[in-house]
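Structure first, then comments.
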Amino acid sequence: MKHDYSSQVRLACKAVGVSMPVAEFKFMPDRRFRFDFAWPIVGVALEVDGGTWVQGRHSRGEADHEKFNLAASRGWLIFRTTPQKVGNLALYKLIKEQL
């Protein structure tokens, strides 16, 4: 079951003055790849790597590599975090510098 981090992201964004990102943003129309959260106008994304150790969505290393490489080749800047750190304000301050 996928965890919804939207409320934590919303609180952190509000705390540092960042607009709320689009959740589950599909960044390539012809592929199924989605970012957990994205600010599409500026090409910045946030991925919560929650399933790495529990065989979740993020456990497919090769698919993630392809996704991140395709995104990078299209100019996306991707920030990555863990469920434990999804509300870390230092992360959103870094993101804010890119928006």
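The values are calculated or read from the model by the stated rules, or taken from the named source; none is laboratory data. Predicted model only: the values in this text are computed from it and were never measured. Counting neighbours? That spans all protein chains shown, and the Cβs are built from the backbone with ideal geometry, glycine included. Heavy atoms of the whole protein, side chains included, go into the accessibility calculation; ligands, DNA and RNA do not. Shrake-Rupley method; radii C 1.70, N 1.55, O 1.52, S 1.80 Å.
Can we say ARG74 is modelled with pLDDT of 90 or more, of a type in the set (Lys, Arg) and either under 15 Å from the mean Cα position of the chain (by Cα) or exposed (fewer than 13 other Cβ atoms within 10 Å of the Cβ) (or both)?
Answer is yes for this residue.
Take the residues of the range 28-51 that are surrounded by fewer than 19 Cβ atoms within 10 Å (Cβ to Cβ) and within 14 Å of the chain's Cα centre (by Cα): which is nearest to LEU91 (Cα to Cα)?
Among those that are surrounded by fewer than 19 Cβ atoms within 10 Å (Cβ to Cβ) and within 14 Å of the chain's Cα centre (by Cα), it is ASP49.
Would you call PRO29 in contact with an Asp or Glu (Cβ under 9 Å, 6 or more places away or on another chain) and modelled with pLDDT under 95?
For PRO29, the condition - in contact with an Asp or Glu (Cβ under 9 Å, 6 or more places away or on another chain) and modelled with pLDDT under 95 - is not met.
Residues of the range 16-27 being farther than 25 Å from GLU66 by Cβ and open to solvent by 70 Å² or more (accessible area, probe 1.4 Å), which ones?
Matches in the range 16-27: SER19, MET20.
What tally of residues in the range 79-99 results from selecting those that are surrounded by 17 or more Cβ atoms within 10 Å (Cβ to Cβ) and either at pLDDT below 95 or touching a strand residue (DSSP E or B) at 6+ places or on another chain (Cβ under 8 Å) (or both)?
Matching residues across the range 79-99 total 5.
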